[in-house]
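Notes for the one structure printed next.
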Amino acid sequence: MNHLNNILPMPLTKTSFKTGERKAGRAKGTPNKIPSIAKERVTELLDLLDSGIADNLEQLTPKERVDLYVKLLEFVMPKMARVEPEASDKSTEPQTIKIEFVGNEY
């Protein structure tokens, strides 16, 4: 049985792997090849479509152009999360707000 110790793997213990330690797979920071290939193909397709897109945009109605603009805007600007206002002062007494106009007189 002593000769089998060299062949059989060591049993895993709590100290075999440390938290966060990588034993296999891609090295940290190595890009995945499949998404980069797909991204390259999409870029090539967009380049082909780019030549006729100006003509297509002119054929859209103003409403369709605005809809397209709003849809495309989601890809470059993050959506804002809904935030509920929270009063810092929990008092129920009315507050006075003073507004002062500086510059041209009305």
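Give the residue, chosen from 44, 93, 64, that is of a type in the set (D, E, K, R) and either part of a loop (DSSP other than H, G, I, E, B) or touching an Asp or Glu at 6+ places or on another chain (Cβ under 7 Å) (or both). Quick ask: steps written out before the conclusion?
Details: 44 fails: either part of a loop (DSSP other than H, G, I, E, B) or touching an Asp or Glu at 6+ places or on another chain (Cβ under 7 Å) (or both); 64 fails: either part of a loop (DSSP other than H, G, I, E, B) or touching an Asp or Glu at 6+ places or on another chain (Cβ under 7 Å) (or both).
Of 44, 93, 64, the one residue that is of a type in the set (D, E, K, R) and either part of a loop (DSSP other than H, G, I, E, B) or touching an Asp or Glu at 6+ places or on another chain (Cβ under 7 Å) (or both) is 93.
From 53, 34, grab the single residue that is modelled with pLDDT under 85, outside any loop (DSSP other than H, G, I, E, B) and surrounded by 10 or more Cβ atoms within 10 Å (Cβ to Cβ). Working first, answer last.
On the way: 34 fails: surrounded by 10 or more Cβ atoms within 10 Å (Cβ to Cβ).
Selected residue: 53, the only one of 53, 34 that is modelled with pLDDT under 85, outside any loop (DSSP other than H, G, I, E, B) and surrounded by 10 or more Cβ atoms within 10 Å (Cβ to Cβ).
Hey, does segment 10-22 have a residue that's surrounded by 10 or more Cβ atoms within 10 Å (Cβ to Cβ) and at pLDDT below 70?
First pass over segment 10-22, keeping only residues surrounded by 10 or more Cβ atoms within 10 Å (Cβ to Cβ): 16-17.
When the remaining residues are screened for being at pLDDT below 70, the result is 16-17.
Yes; the residues of segment 10-22 include at least one that is surrounded by 10 or more Cβ atoms within 10 Å (Cβ to Cβ) and at pLDDT below 70.
The values are calculated or read from the model by the stated rules, or taken from the named source; none is laboratory data. No experiment lies behind these values; they were computed from the predicted model shown. All Cβ positions, even for glycine, are placed from backbone atoms using ideal geometry, and neighbour counts span all protein chains on display.
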